[in-house]
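*Asks:* Before I ask anything, here is the structure I am working with.
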Amino acid sequence: DLQGPEELQAVALLRAHAFYTYPPERAFAGQLHQLMKVEEEVRELGHAIASFPLDQAGLDLRMTSLVALADASRHADLDPGYHIPSKDGVVLSTLDLYIASALPGEYLIGRTRNAAYLANLATAEEVKRRGIGRSLVSAARQLAREHGVDALYVHTLAVNTVARDFYASCGFVVEREESSNTAHYRGKCLDGVEGKGRTVLLRDTQLGSVMKSKAKDSLESLRDQAARDYELGRQAGRDADDLVAEQLGLSSSRELSGVQERYKDRIKESLEKRAKELQSQQAQRERGMKLGKIAYGRGRYSAAVTLFEAALEEEGPFSHLGGDIQMWLALSYQASLSWACGREAECIDVYKRLEESHPLPSTRRRAADLRYIMEAPKLPLSDKDRVHIPVLKNMDVNRGVRAPTNRPRAPPTTASKREKTWDERFWESYEPPQYLTNKYVWFASSLLAVAVSIYGNMARHGLGRLSL
């Protein structure tokens with residue numbers, strides 16, 4: 001196992017030299033980039049070893065880094081950066097072993113959750129093809145067997161024939177191969193090169209007898225992956241016959257043989273049927289998450305935590321849905337009223353696990369942003385600055401609205417009485433004379449008023465003419 005800062009620095013330098021090469025005209029820029037990668041590898045590898053020790057049970061992700069050391073006097077031709085002065089040794093090769101349901105950053109996942117993954121195998125150029133890398137793989141296999149894992153996997157690029165041949169010689173076989181359609185969907189087939197960026201998941205056949213009892217599960221896993229790739233291609237608008245040909249290892253339907261032509265319809269029917277079954281199972285798993293979101297929306301945070309934890313147990317933490325469930329679980333921890341019991345700390349722990357171990361980069365970025373917000377210093381608020389919301393009682397939990405209640409009403413207020421004035425008392429008791437209510441009297445009075453007005457007007461004009 002990797003021990004001490006000297007070995008960590010030497011391992012980081014070896015990996016930078018093995019994984020990053022540059023043309024001669026860019027030698028200076030390449031050296032600067034390698035130094036930057038060395039610092040990054042020292043930081044990330046040291047954090048991973050300290051945070052996910054292999055001997056600590058109960059973690060979703062555990063890892064260790066294996067190192068092949070040799071006497072420095074026998075390998076004086078190696079880079080001085082590989083030397084470990086305190087041990088008078090030199091690092092020849094290195095390999096990481098992860099025990100987890102999925103390897104962080106990888107799309108293809110093994111068929112068992114009790115699995116181990118190999119990663120970052122690097123050997124010094126001067127000592128390659130001497131069996132050193134093969135010895136590290138054997139040591140990692142033995143270590144995985146001691147920790148009781150069911151399967152040992154490794155990822156490599158589909159076009160990396162050197163790595164695939166090496167692992168095949170170590171007893172690994174192809175478990176799953178990412179289709180070109182899936183790689184295109186993820187943006188991994190670049191520059192128009194078919195297959196560039198596609199990954200292959202290899203499984204170790206020498207781990208133990210337990211692998212032989214998993215043959216049926218392996219076939220089921222391959223069929224499920226084929227159905228998913230087929231459905232994904234149909235959604236992208238690709239031809240169904242071409243998708244069937246791709247599952248048979250051909251580039252297009254024009255290359256199908258006569259026997260394959262006769263059976264292609266049955267293959268399509270089988271893939272479509274299995275794709276619908278997988279969609280139905282996915283909907284059932286999503287139901288638990290939807291119920292948790294409903295409980296969260298109604299403010300029932302404790303119930304939401306229970307529902308999200310049950311959904312996560314069924315789905316697993318490393319899928320896209322599993323990442324979303326953990327996001328909502330962290331929000332439920334954050335919104336829970338029992339922070340005194342450590343819910344805020346659990347919320348931050350969920351974000352850290354997602355950020356460090358989830359396979360999807362988008363989920364890791366969201367978790368990092370939310371963790372940054374949670375860990376930001378809180379502004380001190382006085383009681384005047386706080387918003388006080390009254391406790392709502394008598395709630396209808398099925399509808400989320402307030403149930404009708406009989407609220408007491410305030411008694412009506414009475415105005416103070418005052419003594420009435422004489423004119424108010426007069427008009428309250430006044431009754432007009434009877435003749436004023438007679439309609440004939442009103443008609444005669446109106447007619448008389450009109451006649452007097454006409455007469456007065458005529459008399460005024462007649463007197464004016466006489467004066468002339």
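The values are calculated or read from the model by the stated rules, or taken from the named source; none is laboratory data. Values in this document were obtained by computation on a predicted structure and should not be read as measured data. Don't worry about glycine lacking a Cβ; one is built from the backbone with ideal geometry, like all the others, and counts go over all protein chains shown. With ligands, DNA and RNA removed, areas are computed over all heavy atoms of the protein, side chains included. Shrake-Rupley method; radii C 1.70, N 1.55, O 1.52, S 1.80 Å.
*Asks:* State, in angstrom, two size descriptors of segment 53-207 derived from its alpha carbons: Rg to one decimal place and Dmax to the nearest whole number.
*Replies:* 17.1, 52
*Asks:* Tell me which residues come under 5 Å, amide H to amide H, from residue 121 once H is placed; ignore anything under 5 positions away on its chain.
*Replies:* The list, which skips near neighbours in sequence, is 96.
*Asks:* In this model, which of 352/378; 37/352; 37/378; 87/128 are farther than 28 Å apart at the alpha-carbon? Kindly include the intermediate steps, with their values, before the conclusion.
*Replies:* Numbers: 352/378 19 Å; 37/352 23 Å; 37/378 35 Å; 87/128 23 Å.
Exceeds cut-off: 37/378.
*Asks:* Two-decimal Rg/Rh of segment 1-128 from alpha-carbon positions, Kirkwood Rh?
*Replies:* Values: Rg = 15.8 Å, Rh = 15.8 Å.
My calculation puts Rg/Rh at 1.00.
*Asks:* Once you have a ≥ b ≥ c as the square roots of the Cα gyration tensor eigenvalues for segment 104-149, tell me rounded if a/c is under 1.5, and otherwise prolate or oblate according to whether a/b is larger than b/c.
*Replies:* Details: a/c = 3.80, a/b = 1.61, b/c = 2.36.
It is oblate, given that a/c is not under 1.5 and a/b is not larger than b/c.
*Asks:* How much accessible area per residue does segment 53-207 have, in Å², with a 1.4 Å probe? Don't jump to the answer; show the numbers that get you there.
*Replies:* Details: 6960 Å² over 155 residues.
About 45 Å² of surface per residue is accessible.
*Asks:* Could you work out how far apart the two model spin labels at residue 114 and residue 32 are, taking each label as a point 7 Å from the Cα in the direction of the beta carbon, and quote it in nm?
*Replies:* 5.2 nm
*Asks:* In addition: What residues have an amide H closer than 5 Å to that of residue 318, excluding those fewer than 5 places away on the same chain, when H is modeled at 1.01 Å from N in the peptide plane?
*Replies:* Hits under the 5 Å cutoff: none.
*Asks:* Starting with the highest mean, order 20-29, 359-368 by the number of other Cβ atoms within 10 Å, averaged over the residues of each peptide.
*Replies:* On the way: 20-29: 9.4, 359-368: 16.4.
Order by mean packing, descending: 359-368, 20-29.
*Asks:* Grab segment 219-306 and count how many Lys pairs have their alpha-carbon atoms under 28 Å apart, sequence gap of 8 or more, or different chains.
*Replies:* Details: 264/273; 264/276; 268/276; 273/290; 276/290; 276/293.
Value for segment 219-306: 6.
*Asks:* Could you quote the convex hull projected area for segment 299-375, Cα atoms only and averaged over all directions, in nm²?
*Replies:* Working: hull surface 18.6 nm².
Directional mean of the projected Cα hull area for segment 299-375 stands at 4.6 nm².
*Asks:* Which cross-chain or sequence-distant (5 or more) residues have an amide H under 5 Å from the amide H of residue 70, H modelled 1.01 Å from N in plane?
*Replies:* Under 5 Å from the amide H of residue 70: 90, 92.
*Asks:* Turning to a different aspect of this structure: In nm, what is the difference between 0.36 nm times the number of residues separating residue 449 and residue 254 and their Cα-Cα distance? If you can, show how the numbers build up before the last one.
*Replies:* Details: separation 195, 0.36 × 195 = 70.20 nm, distance 11.51 nm.
Taking 0.36 nm per residue and subtracting the Cα distance, the gain is 58.7 nm.
*Asks:* Still on this structure: Averaging sequence separations of C-alpha pairs under 8 Å and six or more residues apart, then dividing by the length of segment 299-375, give the relative contact order as a whole percent.
*Replies:* Values: 76 pairs, mean separation 20.4, N = 77.
For segment 299-375, the relative contact order is 27 percent.
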